[in-house]
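Where a number appears in this text, it was derived from the coordinates with a stated rule and is not lab data. Since the structure is predicted, the reported quantities are computational estimates derived from the model, not experimental observations. Neighbour counts are summed over all protein chains in view; Cβ atoms, including those assigned to glycine, are modelled from backbone coordinates with ideal geometry.
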Amino acid sequence: MSLTRLKWTALGGLFLFVVLLDVVRYRLLPDQNDTDARLLLNALVVLGAIFLVGILFHFIERLHLRLEARNAELLALHRAALDIAGELDLETVLQKVVDGARQLLDARFGALAVYDSAGRIESFVTSGISEEQRRRIGAPPEGRGLLAVPLREGESLRLRDLSGHPRSAGFPAHHPPMSSLLAVPILCTAPFRGNLYLTEKEGEPEFSAEDEQTLSRFATQAALAVDGAYLHVSQRSLAVAEERLRIAHEMHDGLAQVLASVNATAQAVREFLRAGRIDEATAQLDRLAGAAREVLTEVREGILALRAAGRTDRGMAEILRDFVQQWQDQTGIEAKIEVADGFLMPADAELQVVRIAQEALANVRKHARAKSVSVGLAGSDGELRLEVRDDGRGFEPAAVGSSIPPRFGLATMRERAQAIGGRLAIESSPGGGTRVSLRVPLRRTEPTN
């Protein structure tokens, strides 16, 4: 029932109550038949009751409107927080923060200034200003004027006319006019210091105290998202460094074995030449040439893996696409790839998935004698699925563990899968090709509009 309907129901009930009271009084006191006095008394009772009920419902309506506004604010705040919470790229988080704040409070312009330890602006993200306007304005601000005012915990800056502030230094040429200002700090636990600015509230001459509280609450949510993104970047950098070291060790160990074989083969060639056994020396030289080609391929493959593991600004799907394309160019084996984006995984887990795919492809090159290979990356039912399939000669999986030394590096791939809570499966048969599949638990981002 609406408040208006409730109000008129209460007034109608009060009127019926007064009529009933008058009937009861007439029945009990029939001698008091002064109609004018009775009507006057009833009118006074009704007017008094209407006045009191009107005051009561006035306060109820105000409270209801305030609650509706607060609910709308909390809903908008919740939606804005959800929009930034699932993002892990720091630059994207900062852009979504300033965009979300501007939309939340109906501001025409927004900006987020990131400061270094010396208080200088090292990054300045804007919203509501086109790229063309930014180019016309010129270089980003350096942290002078109002942007140099430090905002600490519990502090904010709310101005009806920012030009009247003593620290105001004006705007550069081609800068859009701005008057009202609202600014709050973004307080993070990570080594991140930033201020969030909004200007020109739509339809209002200035921002209200309620706007200030709303933006402060939003800045708290934004700080959590920034902390999460910064932690993700730090973890990815650490995982990249560890993985590059591991790849370097693997390259060193593999090359050491090949070079040892090259050394032994070279000595054998020398002895065969001394003995005049030209055919045997020629055969050893052919082996030596094959080993050299293998070394060259291993080095190229290792360099490609190091490059892929060395990028922290790209997602797992993009890294796989680039690697498979370059692998195809180097090996001449036709490669098809179908990968999906948007998976949320720890940085070290992403690198392990990429490395398992790389090692599976390395096995195809070394052993499969395949004409084509396909790589798939998809997700459903709460898990990520990686699949590498080739049309090569295949092998008998049960016999792999008994080979000396172990073939295909399957033990290494299984160790990588177990390290991230995944399951690795190998399906192969002689002449039937090979399929390497990986399953890893994950959660996937929701698309944002």
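What is the gain in length, in nm to one decimal, between Leu344 and Glu204 on full extension, counting 0.36 nm per residue of separation less the C-alpha to C-alpha distance?
Value of the extension gain: 46.3 nm.
Does region 89-230 come out rounded, prolate or oblate by the C-alpha gyration tensor, with a ≥ b ≥ c the root eigenvalues, rounded set by a/c under 1.5 and, if not, prolate when a/b is larger than b/c and oblate if not?
Note, shape of region 89-230 comes out rounded.
For the pair Ser123 and Ser261, what calculated FRET efficiency results from E = 1/(1 + (r/R0)^6), where r is the Cβ-Cβ distance and R0 = 60 Å, to the nearest 0.05?
That pair, Ser261 with Ser123, gives E of 0.70.
Calculate, for His367 and Gln103, the FRET efficiency according to 1/(1 + (r/R0)^6) with r their C-beta to C-beta distance and R0 56 Å; round to the nearest 0.05.
With R0 = 56 Å, the Cβ-Cβ based efficiency is 0.50.
Taking the Cα-to-Cβ direction at Leu16 and at Gln326 and moving 7 Å from each Cα, how far apart do the two end points lie in nm?
About 8.3 nm separates the two model spin labels.
What dipole magnitude, in Debye to the nearest 20, does region 89-230 give about its Cα centre under +1 on Lys/Arg Cβ and -1 on Asp/Glu Cβ?
360
How would you rank Asp211, Asp227, going from fewest to most other Cβ atoms within 10 Å of each one's own Cβ?
The most exposed by this proxy come first: Asp227, Asp211.
Can you give the FRET efficiency to the nearest 0.05 for Arg293 and Leu47, using r as the Cβ-Cβ distance and R₀ = 60 Å?
0.05
What ranking do Leu410, Leu105, Leu16, Leu344 get, fewest neighbouring Cβ atoms within 10 angstrom at the top?
In increasing order of surrounding Cβ atoms, one gets Leu16, Leu344, Leu410, Leu105.
Under a plain spin-label model, where a point goes 7 Å from the Cα along Cα-to-Cβ, how far apart in nm are Ala148 and Ser130?
3.3
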